[in-house]
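The values are calculated or read from the model by the stated rules, or taken from the named source; none is laboratory data. Note that the structure is predicted; figures quoted are calculated from it, not measured. Cβ placement follows ideal geometry from the backbone for every residue including glycine, while neighbour counts extend to all protein chains displayed. The area values use the complete protein model at the heavy-atom level, side chains included, leaving out ligands, DNA and RNA. Shrake-Rupley method; radii C 1.70, N 1.55, O 1.52, S 1.80 Å.
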Amino acid sequence: MSDLYIKQLNVRFSGTPQPALSIPDLMIRSGLQVAVTGASGSGKTTLVNAISGLERCGRGQVFWDGIDIGAYSESKLDRWRAANVGLVMQDFHLYPGLSALDNVLLPAKFYHWRLPAQLKIKGKDLLARLGIENNRTSIDLLSRGEKQRVAIARALLKSPPVIIADEPTASLDADNGMQVIQLLTRLASESKSTLICITHDLRLSKAMRRHILLDAGRPVQDLTAGKLL
Ligand SMILES: Nc1ncnc2c1ncn2[C@@H]1O[C@H](COP(=O)(O)OP(=O)(O)O)[C@@H](O)[C@H]1O
Ligand SMILES: [Mg+2]
């Protein structure tokens, strides 16, 4: 279960007259696969930061399964995110100097005194399915597209109930993009995870059940399987 409910959310950065994000009321049901689209600067990354609790700069509330994550302490929020959210950030946040596999496993290592063997196997399997042939290669030697896929493998490692991906196909060529779309949707379905993809990629948004369009921080269109909500 991981229903998302956003209530009266308003994020405004200092020095800007208009809010970067303004969402009166939005519900995303557990297990749904949702695309969020919108022009550059329309608030997509701000939304990722708000719903994953990475930024607290707004007013309003973000509930996951009825719990307002804004009420969590910083450390509780970190624990909640680590246990529940697989995040693929726009700039990947990978650790330089480590191999692809170690990057995938590192966050899990913080939470396990001894990494379960099955997580290691899963990490290798995910990288192979994402076309990273040599998982021992240092991350520094990988292309941007390969780094993107390592970041995706890391987010999916623990089959989190919530997967949030900011432009997960942006650095990929058509074939690799399609592979990532198929893997994201399949793995999210298998684990019944709520999948929220920020994207400009029409193929990715078409693969999602629901499509929310942001304009200047506001949701202006909301379609489920082609029907206006
Ligand atoms: N840390 C910040 N400080 C000031 N303004 C910001 C900050 N982050 C984002 N913004 C502004 O908020 C708006 C939305 O940004 P963002 O969410 O990154 O858009 P998108 O991801 O859709 O391109 C933009 O106008 C951007 O310039
Ligand atoms: Mg962005």
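Below is a table of values for the structure above.
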| quantity | calculated |
| --- | --- |
| Enumeration of residues in segment 20-32 that are in a loop (DSSP other than H, G, I, E, B) and either away from ligand 2 (no atom under 16 Å from the Cβ) or modelled with pLDDT under 95 (or both) | 29, 30, 31, 32 |
| Residue in segment 45-73 that is farthest from ligand 1 (Cβ to nearest atom), counting only those that are open to solvent by less than 20 Å² (accessible area, probe 1.4 Å) and on the phi < 0 side of the Ramachandran plot | 64 |
| Residues satisfying the stated conditions in segment 33-92, i.e. more than 16 Å from ligand 2 (Cβ to nearest atom), part of a loop (DSSP other than H, G, I, E, B) and either under 21 Å from residue 156 (Cβ atoms) or touching a residue at least 12 places away in the same chain (Cβ under 8 Å) (or both) | 53, 56, 65, 66, 72 |
| Filtered residues of segment 74-106 (kept if closer than 23 Å to residue 47 by Cα and open to solvent by less than 60 Å² (accessible area, probe 1.4 Å)) | 77, 80, 81, 82, 84, 85, 86, 87, 88, 89, 92, 94 |
| Residues of segment 4-43 classified as under 19 Å from residue 81 (Cα atoms) and among the charged types (D, E, K, R), total | 1 |
| Residue in segment 150-168 that is outside any helix (DSSP H, G or I), open to solvent by 60 Å² or more (accessible area, probe 1.4 Å) and modelled with pLDDT under 95 present | yes |
